[in-house]
Each structure stands twice: as C-alpha cells, then as structure tokens.
Amino acid sequence: MLITHDTRCALDAVVDLVNTAPEDDTAQDTLADVAALADFVRRNDISDVGVLSELDLSAVRKVREKFARVFAAPDARVAAGLINELVAAAGTTPRLTDHDGYDWHVHYFAPGASVADHLAADCGMALAFFVVAGEQERLRRCEAPDCRRAFVDLSRNRSRRYCDSRTCGNRLHVAAYRARRKEAAG
C-alpha cells in the first residue's frame, strides 16, 4: 500500500489525537485546554489553522471520540460508516496544494475550515484509504495489558502488536523472560 507524505502526516496526527484521550477514569486528558490544542497543532504541523478557541477545543474532542470509535470498530463496514460521518460533516473539499516546502498533495478540508473539520477531513480520508484497501485491521490498539494507545500497523506482515516496541513491547518481553527464568529455577 502506497502511503504518500500527506497521508502519513494525517495518520500520525489522528493517532496522536486519539492518544490524547484518557485511557481510563484515573488518567488525565492531555487535550485539556486551548494551549494543549495549540501544542497538538504545532506538534503535528497542521496548516491553515487560525486562532484557536474553546469552541475549537470542544469540536476537536468530539472528532477525537469518533476517531477512537474507528480504531475500535469491529469490522470495515462499521469503520466506513464512522469515517463517512466524519468526512461528510467536515464538508470535504479536495484540492491540490503545495506549501511549506512540500510538493503537490491533496488537502480534503475547505479553505478556512475549523481545526476540527480539518482533522475530520484529512485524517478521515487517510483512514478511509485503509478501509478501501482492505487494511482496516491495521488500525489497532496496543496489546500491552496496561496500555490501550492507538497506532497504525505499517509493518510489512501486519504483525505489530504494541504502540512502541521500545516501551510496551520490551516491557512485556522482559516480564515473560523473567517469568520463564523463575519457572526454570523454581
């Protein structure tokens, strides 16, 4: 599956957005205020965003919840329905652009769109490409018992299980190794 630069950026942004939500009732929402939203926008290099407000924050949180439901969708039909809702509500307006040193690419949001509509359109279309390609199962949640972070499995054989192999994956592998050593010694 060919993933263009703009699609990869949108995938990174949607994963980052979904992962700002608290994983449980004890965790804190890392998209807590307008300053956190501004940090998110900067971190993900989201273009054409004006002055952010509480209305933007509220709208982005609603979009985030819908994206989280896409990652939890049991099948492609459910994922497609959710993505269709996001993209349609955003008033998707595909257009070619070249800006900020990037070659030609497609923006799916209308000029002047809110940050929530921008995310819904561009990130929704990036996820749509996976559903269309029959690759919806690549939209995953970390399998570590104490982590439910979202990620897109871009491995060649669809074998990625953890959001980060250096943290979650390594922690579980070390725990399994210690358990085997304890059992062998015991």
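Read the figures in this text as sums done on the coordinates, not as results from a lab. Keep in mind that this is a model prediction, so the values were computed, not measured. Here Cβ is always computed from backbone atoms with ideal geometry, including for glycine, and neighbour counts include all displayed protein chains.
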Within the chain, which is the longest segment that contains none of the trypsin sites (Lys or Arg not before Pro) sitting in a DSSP loop with at most 11 other Cβ atoms within 10 Å? 1-155
Which angle between 0 and 90 degrees, to the nearest 10, do you get for helix 76-89 versus the longest principal axis of the chain when only C-alpha atoms count? 30 degrees
Relative to the chain, whose Cα atoms define the longest principal axis, helix 5-18 and its Cα axis are tilted in degrees, nearest 10, by 70 degrees
Unpaired by the 4.7 Å Cβ criterion, cysteines found in the chain: Cys9, Cys123, Cys168
So which chymotrypsin sites (Phe, Trp or Tyr not before Pro) in region 18-114 are both in a DSSP loop and have at most 11 other Cβ atoms within 10 Å of their Cβ? Trp104
Rh_Kirkwood(region 39-179) over Cα pairs, Å, one decimal, evaluates to 16.8 Å
